[in-house]
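Bear in mind that the values in this text are calculations on the coordinates, not laboratory data. Keep in mind the model is a prediction, meaning the values are calculated, not measured. FYI the Cβ positions are ideal-geometry reconstructions off the backbone, even for glycines, and counts take in every protein chain you see.
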Amino acid sequence: MKKLAILGTGDADIPDAGIPAPINDAARSCRPELVNVPGVVFPGSPVARETCARAYLQAGLAAEQAGYAGLYINTVGDYGLAELRAAAGVPVTGSGEAAIHAATSAGQRFAIVTIWPPSLGFIYAAILSQSEADKDCVAIHHLSADEQLASLDQPDNFVRQMQACSMTSMTSIRTACRQALETENADIIILGCTCMQPVAALLADDGIPVIEPMVAGYQYLEQLVA
């Protein structure tokens with residue numbers, strides 16, 4: 001069975017002790033294995049994003065040398081995707097690109113709903129441009145304020161609150177999704193962070209069409225490898 005390199009645990013602050021469960025559960029024809037990404041930093045600025053891109057590039061090339069048949073950038077930011085694809089001899093994708101591909105290949109216009117604040121909008125601008133999908137994205141909803149980034153080093157920061165599916169966060173997510181679908185002409189919602197994976201099933205239960213990028217990305221890589 002071919003091995004696929006999962007580069008990092010995603011955008012969430014999760015100890016990298018093993019493959020994220022959603023990816024492990026989605027594996028069918030290949031065996032996903034976690035590969036650490038040394039040197040990665042929080043992509044809080046375009047300069048930091050470039051640091052992340054270099055880190056993912058080096059980790060991906062090392063994984064290819066180690067015999068992995070495909071490389072998966074497990075973050076919606078797709079840091080280093082273009083560079084890694086140009087340099088590697090095996091299939092490469094990221095969760096951002098794959099989620100957009102899932103929408104546009106079905107002819108669907110989408111909105112991105114993300115817990116990250118507006119100051120990180122450059123991350124989404126980059127993946128939309130790289131995927132040539134600017135015209136397919138009807139809106140980007142940022143569900144936190146820029147000042148909340150300062151709490152990321154706190155035990156109860158807003159990412160952990162969202163992962164716990166607190167009612168306040170879920171209310172905000174549902175409201176943004178419905179606005180995109182009902183007033184902004186989106187056909188489907190792309191969650192803007194792999195750390196939002198726990199809420200995907202809750203939204204689907206509400207009848208909200210949603211693409212969860214962590215699993216969508218891994219499944220797309222299996223298709224590319226096949």
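As a proxy for reagent exposure, V35, V47 were ordered by neighbouring Cβ count within 10 angstrom, fewest first; the result is V47, V35.
Approximating the spin labels as points 7 Å out from Cα along Cα→Cβ, the R178-to-A82 distance works out to 3.9 nm. Taking other residues whose beta carbon is less than 12 angstrom from the beta carbon of I208, and scoring Lys, Arg as +1 and Asp, Glu as -1, yields -3. Packing-based ranking of 212-223, 67-78 yields 67-78, 212-223, ordered from highest to lowest mean Cβ neighbour count within 10 Å. A Cβ-based charge dipole, computed about the Cα centre of the chain with Lys and Arg at +1 and Asp and Glu at -1, lands at about 440 debye. By the helix-only formula, in which each DSSP H run with n ≥ 4 contributes -39500 (n - 2.57) and the sum is divided by residues, the chain has a 222 nm mean residue ellipticity of -13000 deg cm²/dmol. Think of the chain as a dipole: +1 on every Lys or Arg Cβ, -1 on every Asp or Glu Cβ, centred on the Cα centre; then among N24, F122, C193, N24 lies furthest on the positive end. Across the chain, the relative contact order, built from alpha-carbon pairs under 8 Å that are at least six residues apart, equals 23 percent. Candidates G80, I112, L61 compared by Cα position along the dipole of the chain: farthest toward the positive end lies L61, with charges placed on Cβ. Students often get this wrong: which residues of region 106-134 have the backbone nitrogen under 19 Å from the point 7 angstrom along Cα-to-C-beta of A150? Counting backbone N atoms under 19 Å from the label point, the list is 116-120. Relative to one another, the C-alpha centroids of region 59-130 and region 185-226 are positioned 13 Å apart. Applying both filters, DSSP loop and at most 10 other Cβ atoms within 10 Å, to the GluC sites (Glu not before Pro) of region 1-97 eliminates every site. Under 5 Å from the amide H of I19 lie the amide H atoms of L34, each residue being 5 or more positions distant or on a separate chain, with H modelled from the backbone and absent for Pro and chain starts.
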